[in-house]
Amino acid sequence: MPGTRNLRMLPADYADGISAPRLSKSGKALPLPRTLSIELSPNAEIFDKKFTLAAMEQGQIVAHDITLVHAPTRTSENQCCSKQGKLDKDYLNKSLCYPLIIPKDDPGYKDSGVECLNPFFRTITDLQNNCSTRGKAATQLAIVTHVADLSLVYGSEDNVTNTLREKKGGRLVVETRNNHDWPPTVKEMYNLCNGTAHICYRAGDSRINQNPQLVVLQIMLLRDHNRIADFLTKLNPHWSDEKTFEETRRILIAKHQSITYDEWLPTILGRENCYKNKLIYKTKDYVNDYDPSVDPSIFNEFTAAAFRSLHTLIAGNLKLAKENREFSNSSLKLGRLLFIPTDVEKGENFDDMARGLFTQPQERADKYYNKEITLFLGRITDKLGMDLRAFDIQRGRDHGLRPYVDYRTYCGLPKVLKWDDFLDLISFEDVKKLSKLYETPADVDLAVGASLEKNMPHSLVGPTFHCILTQQFLRTRIGDRFWYENGKCGTPFTLKQLKEIRKARISRIICDNGNDIKSIQLRGFEQVSEKNPLLKCEDIPSIDLSFWKENTPEQ
């Protein structure tokens, strides 16, 4: 449920044992996250040779579905860094203020006058909400459901879901412009749209407007819901709006779970690793391994470190592609488009962005980060913005994550006592840098150390993050009583329906819900190649919804 605690793999590590951010073993301050970002995650544009940018973006869809921590209201009492990047002199007396400090010799922000990166607030924890936890280490609270239920489309609470429903034919509310359906718009949503002069969409998740690629996929999911609902209404005209809505929702969630686990997760962890760790099965039957003793709640280590490591895949320039897959001369700078989704509806941009997403390669899974997300994201000044990499490191400390060495040991890797012990997984060059930045190996942040590990075979992450991601996604599946492959709980799909759902592919969703997209490669997360050529949309397998026809007594 929303409002419940995240889990922990290992006990929290706070300086005071309760909530103060971790210090080095000597009691001194840890290196500034911005310094670590500059030294260990430099700017470089190196592209993945196999996967498209859609693989990266599906990761964000999954992240927004199962993770969002409770942030405080942005008031002057919490604010310690102004919009112009000036540090509040009284910030030490503001409990929810935890500024991302800019080092004085920072090469990116030099002579800009920026002293700190805005905004960064400490996450709300059970200490603020439950007095019975006093004296115990703080635990962060999630404000979305922890399970893969497309809460980003439907919301995590009934009152949100009700505002998104059309209450007719099982459909979700849309606005029609230029003969195409779009999410409902509002002037502002949760203070997350960049100015009221821009289009601002409303959905089940407040972050829908964060970037145009995310907007495109969320619109595809919204349209797919209504497409399925319209078909079921014609197939079963005796069904009520409620029944049609719930069954449509169930089908779309099942498609999302199937695509995420059988198509997307193998790109991140490796298909054989997914089979080995029982994340997916080769079967035509139900997968009845639901375990009521398994809590599917999200691990802090997952949401505040391991899953954030995939930010390395983000491309700074978003390319637009025509039907022949030629890129247009212009591209969109990601740093300028944070919470400004206006361009999505302009001209042919929606389809061009979608094709670009499934044609352009994602950036390579490595230690390098694009400067559009480490220097220009969201623009604090006319030229400079946020550093997402520094933000991620800071968030790990905010959540009380233990040092990297503890998670190495937890995941069965050799114990680390000295700097050279890192050389089994981290390059000599990076170990040398770590030794100059941190006082001891036991001080290194999880978000830093694990991101420098060499990737496992057929995977986009190293062994420590692979361990954390595998455990989380396994618990997310076997701890979910309503998992789409479960034939024993709730109202299971028939085996014929399940067979159809397993045909779900991200490429089919794009074909079904674009404005006028006529072709796509079968394996959408993989780049177009001789083995994965562009196909006409009619040649992409689709789900036969006729298996959902319900016979009435008269029939």
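How big is the Cα convex hull of the range 13-80 in projection, averaged over all directions, in nm²?
Hull-based average projected area comes out at 8.4 nm².
Which loop chymotrypsin sites (Phe, Trp or Tyr not before Pro) in the range 223-326, with loop taken from DSSP, have no more than 15 other Cβ atoms within 10 angstrom of their Cβ?
Answer in residue order: Y281.
Which GluC sites (Glu not before Pro) in the range 443-537 pass both tests, a DSSP loop state and at most 16 other beta-carbon atoms within 10 Å?
Sparse-neighbourhood loop GluC sites (Glu not before Pro): E530.
If you project the alpha carbons of the range 348-437 onto their three principal axes, what span does each projection cover, largest first, in Å?
For the range 348-437, the Cα extents along the three principal axes come out at 57, 32, 27 Å.
Could you list log10 I(q)/I(0) for the range 437-491 at q = 0.27 Å⁻¹, which the Debye formula gives when each Cα is one point scatterer?
Scattering profile of the range 437-491, log10 relative to I(0): -1.01.
Helices from the chain with mean Kyte-Doolittle at least -1.0 and a Cα length along the axis of 30 Å or more, per DSSP H: which?
Span-like helices here: 212-235.
How large is the helix-only mean residue ellipticity at 222 nm for the chain, computed as the sum of -39500 (n - 2.57) over DSSP H runs with n ≥ 4, divided by its residue count, in deg cm²/dmol to the nearest 500?
-8500 deg cm²/dmol
State, as an integer percentage, the relative contact order of the range 44-99 based on alpha-carbon contacts under 8 Å between residues 6 or more apart.
This gives 23 percent for the range 44-99.
Which trypsin sites (Lys or Arg not before Pro) does the range 1-52 hold that lie in a coil by DSSP with at most 14 other beta carbons within 10 Å?
K25, K28
Over its Cα atoms, what ratio of radius of gyration to 2.2 N^0.38 Å does the range 278-338 give?
Its radius of gyration relative to the 2.2 N^0.38 Å reference: 1.91.
Modelling each spin label as a point 7 Å along the Cα-to-Cβ direction, I'd like the R177/K333 distance in nm, to one decimal.
2.4
Taking a quarter of the surface of the Cα convex hull of the range 296-395, what do you get in nm²?
8.2
Can you flag which of K367/K499; K319/K518; K89/K454; K371/K436 are past 30 Å Cα-Cα?
K367/K499; K89/K454
Give the value in nm², to one decimal: projected area of the alpha carbon convex hull of the range 422-555, averaged over all directions.
Approximately 14.4 nm², given one-decimal rounding.
Have a look at the range 41-107 and give its Rg and Dmax from the Cα atoms, expressed in angstrom.
Computed over the Cα atoms of the range 41-107, radius of gyration and Dmax are 18.0, 50 Å.
Which whole-number percent gives the relative contact order of the chain, counting Cα pairs below 8 Å spaced six or more residues apart?
That works out to 21 percent.
Could you give the alpha-carbon Rg of the range 448-526 over 2.2 N^0.38 Å, rounded to two decimals?
1.53
For the range 249-356, just the Cα atoms, rotate onto the principal axes and tell me the three extents in Å, largest first.
Projected onto the principal axes, the Cα atoms of the range 249-356 cover 52, 33, 29 Å.
Given bins 5 angstrom wide, list per bin the percent of all Cα-Cα distances in the range 22-140, short to long.
The calculated distribution, bin by bin, is 2, 9, 12, 14, 17, 18, 14, 8, 4, 1, 0.
Cβ neighbours within 10 Å, averaged per peptide: list 361-370, 142-151 in order, most packed at the top.
142-151, 361-370
In the chain, if every C-alpha pair distance is counted and binned at 20 Å from zero, what percent goes to each bin?
20, 57, 22, 1
Please state the equivalent ellipsoid semi-axes for the range 482-555: what are the square roots of 5 times the Cα gyration tensor eigenvalues, largest first, in whole Å?
Rounded to whole Å, the semi-axes are 30, 16, 10.
Which three extents, in whole angstrom, do the alpha-carbon atoms of the range 357-409 cover along their principal axes, largest first?
Each principal axis gives a Cα extent; for the range 357-409 these are 40, 32, 16 Å.
Quick one, can you get me the convex hull of the C-alpha atoms of the range 247-307 expressed as volume per residue in Å³?
Dividing the Cα hull volume of the range 247-307 by its residue count gives 131 Å³.
Over all pairs of distinct alpha carbons, what does the Kirkwood formula give as the hydrodynamic radius of the range 312-465, in Å?
The answer is 17.9 Å.
Considering every Cα-Cα pair within the range 141-297, what fraction, in whole percent, is farther apart than 29 Å?
The proportion of pairs with Cα distances above 29 Å equals 28 percent.
Read-outs throughout are calculated quantities, based only on the coordinates presented, and are distinct from any laboratory measurement. Please read these numbers as outputs of a predicted model, since none were measured by experiment. Please note: Cβ atoms are built from the backbone with ideal geometry, for glycine as well, and neighbour counts cover all protein chains shown.
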